[in-house]
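Accompanying notes for the structure given below.
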Amino acid sequence: MASYAVQPLARPPDVDLTLPGSKSFTNRALLIATLAEGRSLIREALLSDDTRHMANGLRALGFTVEIDVARREFAVEGLGGRIPSAQASLDVGNAGTAARFLTAALALGSGRYHLDGASRMRQRPAQPLLDALRQLGANAYAVNGDGCPPVVVEGGPVSGGRVEVDGRQSSQFASALMLVGAVLRDGLTIEVTGGVVSEPFLRLTAASMRSFGASPELETSGGRLVIAVPPTGYRARDYLVEPDATAASYFLAAAALTGGRVRVRGLGRGSAQGDLRFVDLLARLGARCEIADGYVEVVGARYGTGLRGLEVDMGEISDTWMTLAALAPFALEPVTIRGVAHTRRQESDRVSAMAAELRRLGARVDEAGDGLTVHPSSSALRGAAVRTYDDHRIAMSLALVGLRVPGVVIEGAECVSKTFPEFFAALERLR
């Protein structure tokens, strides 16, 4: 799919949706299942580029990972923390979670392992994780000396202990260490230094681990987050993946934007996904929102009229800030988003990319180092072919504008396959 022309909705949506499984839970469950002892079945999993890169990386290490596409299932044979292959080369494409989680898992092996990815992956930071693995006794380094992939991990296996990791660039470094900590002989105590972005993902990691029998504990001590992971190991199990809260954000936002009703089934009260808090922002914009047992629902004001402005730090739910930015031109007051400087080093420079493409559509945007301000500009919006920078979240967010504005074309629309291959089909269901 080279491009996708979004057609404005003829009427507000009134739909119930079932969305694909959470990428975050799927990738965590895949790694944990290989570290458990025995066969695990991961049901209602997300099948996307990112999860396939994770599965293929595990296969390259010698694990048996079977995919049933029709049933959306992974079957995984775990080996209790042992890495079968003594050497391997892994290609993670542009999958950040796969890159960080697999890098930490390589320290469990006893050989030499090489991990690389796409050109953009070679610009994404890995040094804080490599530093932490070196503290634990692994020889882990960036091949080009720039703190980014390709990386090599050799020696080991490590036995655990205490480690510090910088959390300012990504929570995935600490999550990666947590995941392997449960199978280390001495367990692992992780002190997250410098603050942490997207802290809710660490609690999501803890929830995933507990589902397989581990018992991590997170607490703040002296202003720093300390994570204790006892050496409990993992138990193989039948695991059900809940729908992806970040994917849900686009459709719940569509309800707020168009004055419709959208209910996402299977996601609701009790979820560990921090991005479900995006619903609170939709309520602040003026939508009527409900998070219940088994579903979340948003009802917008008539045709999205009366969206209010707000100023918000979205560092903890930064995968959803672009969704809010796409709604912002339709608000009656400015919308200021802060705390997302770290997203400049993700799949694209997301701050500059969103600012540029919203301006291309006619919005008035002020860019700052850690975010942007979008001014009320719905009357100035116009159709245009927008760039995606090969970034799935840019593509999916900007598609929302096309639900109200004729002539919006998403170039490079195939990039949504990274996390949500069926996105545009699901968007059509709003009709």
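The values are calculated or read from the model by the stated rules, or taken from the named source; none is laboratory data. Not measured: the values here are computed from a predicted model. Cβ atoms come from the backbone with ideal geometry, glycine included; neighbour counts cover every protein chain shown.
Scanning segment 357-370 for residues that are crowded, with 17+ Cβ neighbours inside 10 Å and among the small types (Gly, Ala, Ser) yields Gly362, Ala363. Residues in segment 118-127 that are surrounded by fewer than 23 Cβ atoms within 10 Å (Cβ to Cβ) and in contact with a strand residue (DSSP E or B) (Cβ under 9 Å, 6 or more places away or on another chain): Ala118, Arg122, Gln127. Considering only segment 398-412, I want to know if a residue exists there that is over 21 Å from Arg52 (Cα atoms), surrounded by 17 or more Cβ atoms within 10 Å (Cβ to Cβ), touching a Leu at 6+ places or on another chain (Cβ under 8 Å) and among the basic types (Lys, Arg). Within segment 398-412, one or more residues are over 21 Å from Arg52 (Cα atoms), surrounded by 17 or more Cβ atoms within 10 Å (Cβ to Cβ), touching a Leu at 6+ places or on another chain (Cβ under 8 Å) and among the basic types (Lys, Arg). Within segment 139-157, the set of residues being assigned to a loop (DSSP other than H, G, I, E, B) and surrounded by 23 or more Cβ atoms within 10 Å (Cβ to Cβ) comprises Pro149 only. The residues in segment 1-42 that are of a type in the set (A, V, I, L, M, F, W, C) and under 30 Å from Val180 (Cβ atoms) can be counted, and the count is 11.
Any residue that is of a type in the set (Phe, Trp, Tyr) and not in a loop (DSSP other than H, G, I, E, B) - is there at least one of those in segment 225-237? Looking through segment 225-237, none of the residues is of a type in the set (Phe, Trp, Tyr) and not in a loop (DSSP other than H, G, I, E, B).
Can Leu285 be described as buried (at least 20 other Cβ atoms within 10 Å of the Cβ) and at pLDDT 95 or above? Judged against the criteria, Leu285 is a match. In the set (1) assigned to a helix (DSSP H, G or I); (2) closer than 30 Å to Gly194 by Cα; (3) in contact (Cβ under 8 Å) with a residue 12 or more places away in the chain, the condition left unmet by Leu218 is number (1).
Put simply, of Ile394, Ile410 the only residue that is under 29 Å from Phe25 (Cα atoms) and part of a helix (DSSP H, G or I) is Ile394.
Out of the residues in segment 1-39 meeting the condition of being among the hydroxyl-bearing types (Ser, Thr, Tyr) and surrounded by fewer than 24 Cβ atoms within 10 Å (Cβ to Cβ), tell me which one is nearest to Gly81 (Cα to Cα). Among those that are among the hydroxyl-bearing types (Ser, Thr, Tyr) and surrounded by fewer than 24 Cβ atoms within 10 Å (Cβ to Cβ), it is Thr18. When segment 318-356 is limited to residues that are among the hydroxyl-bearing types (Ser, Thr, Tyr) and crowded, with 24+ Cβ neighbours inside 10 Å, the one that is nearest to Ala253 (Cα to Cα) turns out to be Thr323.
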